[in-house]
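The values are calculated or read from the model by the stated rules, or taken from the named source; none is laboratory data. Quantities reported herein were computed from a predicted structural model and do not represent experimental measurements. Note: ideal-geometry Cβ built from the backbone for every residue, glycine included; neighbour counts use all protein chains shown. When the accessible area is computed, the model is the full protein with side chains, heavy atoms only, and any ligands, DNA or RNA have been set aside. Shrake-Rupley method; radii C 1.70, N 1.55, O 1.52, S 1.80 Å.
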Amino acid sequence: MVLVVVKALDILEYIARDADRAYSLTEIAEGLNMHQATCVNILQTLVEKSYLEHLGRKKGYRLGPMAYNLTNNLSYSQHLVTAAKEVMESLTARFNETSILGVIRNQKRFIVHLVNSDQDLQVRSRTERSLYETATGRLLLAYLSPRERDSLIANIGLPSSIIWPEADTQAGLEGELSKIQAEGLCVTLSPTHIIGLAVPIRKQKQVVASLSIFLPEIRCSFTRQKEIVQALQQAAQAINERLDA
């Protein structure tokens, strides 16, 4: 057995006993009869990989999104939906355009909540789609850690020149993702003339989801696009505050 892996699993199992509460470093170390220095190093790694969340020195640690994704448990996503639902409804009501809350699940963009517009011409999107095909997916990919991103790309490959022509090489993809991260925004235009606009949702400064609006190009003038981007950013900030409360 690899001892450090065993200790990491012990920590996850210890915290998973009650997923609704946070455990302090002292509590975890004493509960597992583990040296605090060893324990904190493993905890930091699990936080970096999103299997745990660190809520602060006094609040401690609890399960993170990747721990739930392993078993397709929707509990974590439900917490996101609770924080975002009202904000998204207001966003869709303001512009009468579809808004989407998305995460990465099973190496794809996965919709955890959607608020449809009542437009005659509506944008529809499958629950799961390639990360490369959507603004939501590209933005979430941009905010992964380098190690997570490299691992994911090794599994799914580079995007085709048809889907994302600027990113069909390793250098091109890295450049595009760096641009998205620097701007905090991803804008896409599909071959079917659908514009996607996506911004990050953060919890404790870590990107955990993406908030997006999709609409036909004919309804997205330059002025309206600027208004939507500003509203998305404001909505994302409101959701961030709810997640951190």
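Only one of these is open to solvent by 10 Å² or more (accessible area, probe 1.4 Å) and in contact with a Leu (Cβ under 6 Å, 6 or more places away or on another chain): ILE195, ILE201. Name it. Break it down into steps so the answer makes sense when it comes.
Working: ILE201 fails: open to solvent by 10 Å² or more (accessible area, probe 1.4 Å).
Unique residue meeting the criteria: ILE195.
Residue by residue through the stretch 164-177, note down the ones that are under 21 Å from the mean Cα position of the chain (by Cα) and either β-branched (Val, Ile, Thr) or open to solvent by 70 Å² or more (accessible area, probe 1.4 Å) (or both). Lay out the reasoning, then the answer.
Filtering the stretch 164-177 down to residues under 21 Å from the mean Cα position of the chain (by Cα) leaves 164, 167, 173-177.
If the condition is that a residue be under 21 Å from the mean Cα position of the chain (by Cα) and either β-branched (Val, Ile, Thr) or open to solvent by 70 Å² or more (accessible area, probe 1.4 Å) (or both), then GLU174 is the only one that fits.
For (1) touching a residue at least 12 places away in the same chain (Cβ under 8 Å); (2) aliphatic (A, V, I, L, M); (3) assigned by the TED database to the domain that holds PRO216, each residue gets a yes or a no:
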position	(1), (2), (3)
LEU101	yes, yes, yes
HIS113	yes, no, yes
ASP118	yes, no, yes
GLU133	yes, no, yes
PRO146	no, no, yes
SER161	no, no, yes
PRO165	no, no, yes
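A single member of ILE201, ILE180 is modelled with pLDDT of 95 or more, farther than 14 Å from LEU91 by Cα and outside any helix (DSSP H, G or I), and it is ILE201. Within the option set THR136, THR98, being modelled with pLDDT under 95, of a type outside the set (Lys, Arg), touching a Ser or Thr at 6+ places or on another chain (Cβ under 6 Å) and under 19 Å from ALA236 (Cα atoms) holds for one residue only, THR98. Looking across the stretch 204-220 at every residue that is surrounded by fewer than 21 Cβ atoms within 10 Å (Cβ to Cβ) and among the β-branched types (Val, Ile, Thr), the one that is nearest to MET88 (Cα to Cα) is identified as VAL207. Screening ILE162 against (1) modelled with pLDDT under 90; (2) part of a loop (DSSP other than H, G, I, E, B) leaves a single unmet condition, (1).
Looking only at the stretch 212-245, filter to residues that are of a type in the set (Gly, Ala, Ser) and out of contact with any Leu (no Cβ under 8 Å at 6 or more places or on another chain); which one of those is farthest from VAL103 (Cα to Cα)?
Initially, the stretch 212-245 is screened for residues of a type in the set (Gly, Ala, Ser), giving 212, 221, 231, 235-236, 238, 245.
Now restrict to residues that are out of contact with any Leu (no Cβ under 8 Å at 6 or more places or on another chain): 221, 238, 245.
Values: SER221: 28, ALA238: 18, ALA245: 21 Å.
Going through the qualifying residues, I end up with SER221.
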